[in-house]
Every structure is written in C-alpha cells, then in structure tokens.
C-alpha cells in the first residue's frame, strides 16, 4: 500500500459508500474513476471515485460579489482553505478479488478517519487484465492508463449493448471488439451494417462482406406471411397462402423448381387458384377475394423485398455467415423495411441452426457459437413498434445463451430501443450520452449504474466509456483503443468535399462576392 494516503473518510459510511476528504496536493491527483483502497475490520476493500466536489469555506455559494473574492485573494491566500471531497463506492474485499477474481462485497463499513490510498497499479492489472484464456484487451483504465482493460469473452453470451451519441465512439468500439474476437480468438461474428461503415475495414482475410440477400428456398411460412403483412385476423388469406406455398414447396422438393423460380411460381399458383375459384361463380366469391388479396400482397412484397429475395443467394447458412470470419452484411443499399427482413431472417436461422447443432450433438446445424451485432438498434429493435427483427432479437435475448448465440445492440438513441431486449443485455459499454431521457432510460436498464455514474456520462470524451456487466470483474471507466482498421465513420468535412467538387468541376467562386 502507498505510504502516503490520498485522503481520509469523513462523516457516516456504509459498506457500499463513503465520503472521502482528499489531499489536493497528493502526487496522484484525485479524479473520477480512480480506484482506492482502505482498511476495514474485514480487511482491505476496493472502491471507485464516483463523484468529486471542490470547495472553499471562504467562498460559499451565497457570495455575490466578484470583487469581494478578488480582494480576499489579494490580502490572504484563500487557496489554503480549499478542499476536495468525493463519493467512493466500495465494490469488494481486495484480496479475494485480486488473488482469485472473486467479488466479495464488504459487510462492515470503513470507520470515519480511515486513511484511503490509491489502488496499486500491479493489483489493478491483476483485476482488469487477467492472464486467463478467453480475455481480450479493448482499452485501458481512464484513471490509470498503465492498466490494460480486458473483457471476458465467454460472458458475451449474456449479450451486450453499446450506447452513445453520434460521434461518441460506438463504431470504433465495434471495430475493436470485432477485430479482436475474430483475429485473436478465431470467433464468428456477424455485423448487420446499416450504413456500410464496416465493409471497408482493413482486416484482411478474416472479413466476409455480403450483400443483403435471402434465398426464397429458406423462407418459412410464418416468415413469408409476416413479410407479406397478412393480418392475424385475415384467416382466408392465411389459408390461401398456406395452400399455395405448400404447392410451391412440394414442387421444389421434387426438384421441379429452381430457387430463382420460387416467387414467380407462387404467383402462378395463386393465379390458378383464383381462376378455379372464379369458375365456381357466386359460390366461392370469398376465396376469389382472398386470393386476390394475397396476390396484391405478393406484389407489394416484391416491390419492397425484390432486391433481397434472390435465388442466387447461398442456400447454406455457413456459406453466407462463414464460421471463423467477421461477416459484414452491408445493408446500406436497401431501405429499413428490407433491412428488417434480412436481419430477422438470419437471426432466425442462426438461432435455429445453433439449436439443431446442440440438440443433435453436432450432427447438423450451425457448427460454431456466434455473436450478432445489430447497428441502429433503435430502428430494428424499436420500443414502440413491431418489427421482424425485434421478435427474433427478443427470442435470442431469452434463449440464445443456452445455444451460444449472443446479440450486441448498438444505438445512439437508447430510449427508443425495446426495453425488454435492452434489459436482457447483461453487459454494457456506455460512451457519451447527453439527452436526459436517454440517460434515465440507460440507468433504468443497467443494474450497476448509480446516479453519480449516470451524471458523468455527458462529460465523457469520444472513446471514453463506462463498462459494466458480467464481462468485467468490476465496473470501470475506460478509454477504448483506437481501431486503425476502420477507414470510415466520424464527421465528414463539408469544406473538403466542397473544395473537391469545385476542383473537379472547374468552378471558380472567388469573383462571386
């Protein structure tokens, strides 16, 4: 333990919180996120500085004259009276945490006047960057840059949320995680990339970039029905579609129908059903109307999803989402509705594929655990609307851990993400957040977030994050590494683009004004 204390405990303490009066002249300047230790009857305990306040009794809040303060400073050294006071949250007894990685919450509060010391760097390294297999380093402690910060990859099966304002560092964080999970551990990831940010990453042959395609061969009836927007109470339309789809599937199973012919054949079958019902005249007008309704919805389906429904798409899931690769599904060329169809389709198949693999003991199904990153989660997994993706993300949030399917929700508007899904992400990397309702929402969905931690989020710089959850031994404030592989993202220079346009077109604006 350091020979010189950084502060002493004042006032009342609990096993979880203490107020510390700091030595402002200590060689280690007190700061938010710093880890501290103190002695209790149970042994040494470790905690983090959650809040800091500076004050001076000679300059109370009630002072209302600037000249008065200036005059005071001229005739006496009022700096001698300044103080620094902070709130420390205690997490664990130090020895079991540092020696065995076991968090053991204190049950006896530290006594007033107890001396408080900065946690030794070598101890923090054992806690936050263990040499155990299955940990990856994603940054360093903000309060102690010499301490690498790692996360336990096995705990990502309990899902993850990466939340921040635009420009806060979300995509950089995804890039660091993705590159290390695949490059260092040989993991399998899929990133549903709404804006094409990741397809240009320079990560060599570990990347597999795919267009947003669905092979109709892999469409299930319920999925097709949902994509066609057939209402739950439209029983006749559902009956007609089920019959028509059954005939198409039967032709496909007999190898009489190619993958690229499936949707056209569905239209042909429906037209034949309509003609047959029309020949019955007034006896079967309800069927005629139902078939026509399904035909109209099929036309709408092809208008919305024609670009993604392709017989040329791989039939095998392993050909599209390749095991051992960072699979980027570039959705930038399709609208939100088509993106929703693609994301939900592959979430469904991944979950089902892993279920089949586990239940068949490897005889069939998708052969490796996988983590799916869902960018723009507030659009695809919204709080106040139903989407196909929301249904399957919710299923994975509930069931995925058993079958080693994880999801990572990435969003700049947390309050617009479905609360049931967000609350089941047991790990969170929370970068800068400013909007008050987003702050309240994030705190309500995060068990380990106190009011003090919430209040520091607006002041984080890009790339700085609060990390909580089962993937880290303790909550931490971290500076995320910079991902050199990511070539796009961040703010685009309007001035540079205008200059390039003028240069390329020969426009001279110098004489306009």
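The values are calculated or read from the model by the stated rules, or taken from the named source; none is laboratory data. Given the structure is predicted, the values throughout are model-derived calculations rather than measurements. As a convention, Cβ positions derive from the backbone with ideal geometry for all residues, glycine included, and neighbour counts pool all protein chains shown.
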Which numbered condition trips up residue 266, out of (1) surrounded by 15 or more Cβ atoms within 10 Å (Cβ to Cβ); (2) under 38 Å from the mean Cα position of the chain (by Cα)?
(2)
Taking the stated definitions as given, is residue 186 surrounded by fewer than 18 Cβ atoms within 10 Å (Cβ to Cβ), modelled with pLDDT under 90 and either in the same structural domain as residue 152 (by TED's automatic domain parsing) or at positive phi (or both)?
no
Residue satisfying all of: in the range 446-462; crowded, with 21+ Cβ neighbours inside 10 Å and in a loop (DSSP other than H, G, I, E, B); modelled with the lowest pLDDT among these:
446
Which listed residue is assigned to a helix (DSSP H, G or I) and either surrounded by fewer than 16 Cβ atoms within 10 Å (Cβ to Cβ) or modelled with pLDDT under 90 (or both), from 238, 223, 261
223
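Let's see how each residue does on (1) within 38 Å of the chain's Cα centre (by Cα); (2) crowded, with 18+ Cβ neighbours inside 10 Å:
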{"residue": "9", "(1), (2)": "yes, yes"}
{"residue": "14", "(1), (2)": "yes, no"}
{"residue": "21", "(1), (2)": "yes, no"}
{"residue": "31", "(1), (2)": "yes, no"}
{"residue": "36", "(1), (2)": "yes, yes"}
{"residue": "47", "(1), (2)": "yes, yes"}
{"residue": "53", "(1), (2)": "yes, no"}
{"residue": "56", "(1), (2)": "no, no"}
{"residue": "59", "(1), (2)": "no, no"}
For residue 160, are the conditions met, namely being under 15 Å from the mean Cα position of the chain (by Cα), within 30 Å of residue 45 (Cβ to Cβ) and not assigned by TED's automatic domain parsing to the domain that holds residue 259?
yes
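Going through the range 133-149 one residue at a time, which ones are part of a loop (DSSP other than H, G, I, E, B) and either in contact with a strand residue (DSSP E or B) (Cβ under 9 Å, 6 or more places away or on another chain) or surrounded by 21 or more Cβ atoms within 10 Å (Cβ to Cβ) (or both)?
134, 142, 143, 144, 145, 146, 147
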